Amino acid sequence: MRTLIITEHDGQHLNAQVARAITAAQHWQQPVDVFIAASHTETLAAQAAALQGVSQVLVATDAALQHATAEHLAALIVPLAANYSVVLAAHSAFSKDLLPRVAALLDVNMLSDVLEILNANTYVRGMYAGNVLATVQSSDAKQVLTVRGSKFAAAATGTSAATQTVTVPAAPQGSRWVAEAFNTSERPPLAAAKVVVSGGRALGSADAFTQVLAPLADKLHAAIGASRAAVDAGFAPNDLQVGQTGVVVAPELYIAVGISGAIQHAYGMKDSKVVVAINQDPDAPIFKIADYGLVADLFEAIPQLTAAL
Ligand code: FAD
């Protein structure tokens, strides 16, 4: 049997997490194929074919796939799955939409956000916002799962796998893509940034995000993140939320400013290589996960730090 990786992309580039999913897929020690669905697949297929550990790239090319819905993609993947014992993707909003649907159509369980693969059907995954690590086993003949990208190294490039074309069924009726809107930013994307500066409720206003936090982020070429309390208060937009119900990040450096370190926030950043916390409460839980802690008023410490940088 073989393993099938479902890819996420923006039409031009494969998502960086795909290379990590390919590393995870090597645990089954069987051929790993990569599936790409898009309106133009040539560039994407070349990127996938270059990743070490890929046996074959399956491409579904159709104008209707430019903005494919999960329904359409599931209709493509389910017939392919007959040849695969494992269907796997990196954990993201995209795969959270798609793979449960694929699993349901295949009548198997779906395992989400797997942190470690112990053997062919046994996994470690987080529960209760990562406070409990559960070891779970699936007795299904076909394993359908998403893996946490930050737990697996990215596959290297330097090979050239073969490409095979997949027939595209008509798009199912019932749902259709209408529009999408992006926040444009000069900053690196939050999920992929090497440095993230995050602000919490203590910032107190949207102005503090732009006047206190942004200059520090500029110095460090960092993405800006926020706690849910800051987002709920309207200090920062929703797509900057880090945590269990936001974006999961694992940058080289994460600076938490005026964030208490609630478990739901920690879930989204505790895999960061180095965590710096600035909080005026020495007992704030964030200091338990911080490598460097500064007990200080952020409105004094951040301008000083920015000036020093
Ligand atoms: P607070 O907890 O209010 O902390 C503010 C901190 O700032 C305090 O530690 C305080 O000491 C410090 N402070 C105050 N003034 C200053 C100052 N002048 N200088 C320095 N420090 C100062 N939260 C998330 O972040 N992400 C999620 O994805 C998320 N998902 C959730 C899902 C569920 C189901 C639930 C129930 C909650 C979720 N939460 C999430 C909310 C989470 O529980 C916390 O409420 C939230 O993270 C708190 O945000 P905060 O740390 O900014 O605010």
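Taken together, the values in this text are just the output of simple stated rules run on the coordinates, not laboratory data. As the structure is a computational prediction, the values presented were derived from the model and not from experiment. Virtual Cβ from ideal backbone geometry, glycine too; neighbours counted across all protein chains shown.
Pairs of Cα atoms in the chain fall into 20 Å distance bins, from 0 up to the last occupied one, in shares of 32, 52, 16, 0 percent.
Per the Debye calculation on the stretch 89-245 with a single equal scatterer at every Cα and no solvent contribution, log₁₀ I(q)/I(0) for q = 0.15, 0.19, 0.21 Å⁻¹ amounts to -1.08, -1.24, -1.30. Using the charge dipole of the stretch 174-309 (Lys, Arg: +1 at Cβ; Asp, Glu: -1 at Cβ; taken about the Cα centre), state which of Asn238, Leu294, Ala202 has its Cα farthest towards the positive end. Towards the positive end, the residue furthest out is Asn238. Each Cα pair under 8 Å and six or more residues apart adds its sequence gap; the mean of these over the residue count of the stretch 101-201 is a relative contact order of 20 percent. Each Lys and Arg Cβ is given +1 and each Asp and Glu Cβ -1; about its Cα centre, the stretch 244-305 then shows a dipole of about 220 debye.
Size estimate for the stretch 229-303 follows the Kirkwood approach: the inverse of mean 1/r over distinct Cα pairs works out to 12.5 Å.
Over the C-alpha trace of the stretch 175-309, radius of gyration and Dmax come out as 14.3, 53 angstrom.
Considering all different alpha carbon pairs of the stretch 261-309, the Kirkwood hydrodynamic radius works out to 11.5 Å. Taking amide H as placed 1.01 Å from N in the peptide plane, Ile255 has its amide H under 5 Å from the amide H of Val196, Val197, Ser198, Val276, each at least 5 places away in sequence or on another chain. Here the label points at Ala129 and Asp283, each 7 Å from Cα along the C-beta direction, are separated by 1.8 nm in the simple model. Note on the stretch 42-113: along the principal axes its Cα atoms extend 32, 29, 24 Å, ordered by decreasing extent.
Which order do the peptides 153-165, 94-106, 185-197 come out in when sorted by mean C-beta neighbours inside 10 angstrom, highest first? Before the final figure, lay out each step's value.
Numbers: 153-165: 13.4, 94-106: 19.5, 185-197: 17.8.
Highest to lowest by the protection proxy: 94-106, 185-197, 153-165.
Counting pairs of Cα atoms in the stretch 1-125, how many percent are more than 20 Å apart? Walk me through the intermediate numbers first.
Details: 2971 of 7750 pairs.
More than 20 Å apart: 38 percent of the Cα pairs in the stretch 1-125.
Helix hunt in the chain: which complete DSSP H runs extend at least 18 Å axially by C-alpha with mean Kyte-Doolittle at least -1.0? Long hydrophobic helices here: 93-106.
3J(HN,Hα) along the stretch 221-231: 6, 9, 7, 9, x, 8, 7, 5, 4, 5, 5 Hz, from the Karplus curve 6.51 cos²θ - 1.76 cosθ + 1.60 with θ = phi - 60°, whole Hz, x for Gly and Pro.
Between Ser175 and Ala308, residue separation times 0.36 nm minus the direct Cα-Cα distance comes to 42.6 nm.
Ignoring lysines fewer than eight residues from Lys270 along the same chain, the ones with Cα atoms less than 29 angstrom from its Cα are Lys96, Lys151, Lys194, Lys219, Lys288. The 3J(HN,Hα) values that the Karplus relation (6.51, -1.76, 1.60; θ = phi - 60°) gives for the stretch 183-198 are, in residue order, 7, 8, 8, 6, 7, x, x, 3, 5, 10, 5, 7, 10, 10, 10, 10 Hz. Gly and Pro appear as x. Per-residue 3J(HN,Hα) values for the stretch 51-56, derived from phi via the Karplus relation 6.51 cos²θ - 1.76 cosθ + 1.60 with θ = phi - 60°, read 7, 5, x, 9, 8, 8 Hz in sequence order (x marks Gly and Pro).
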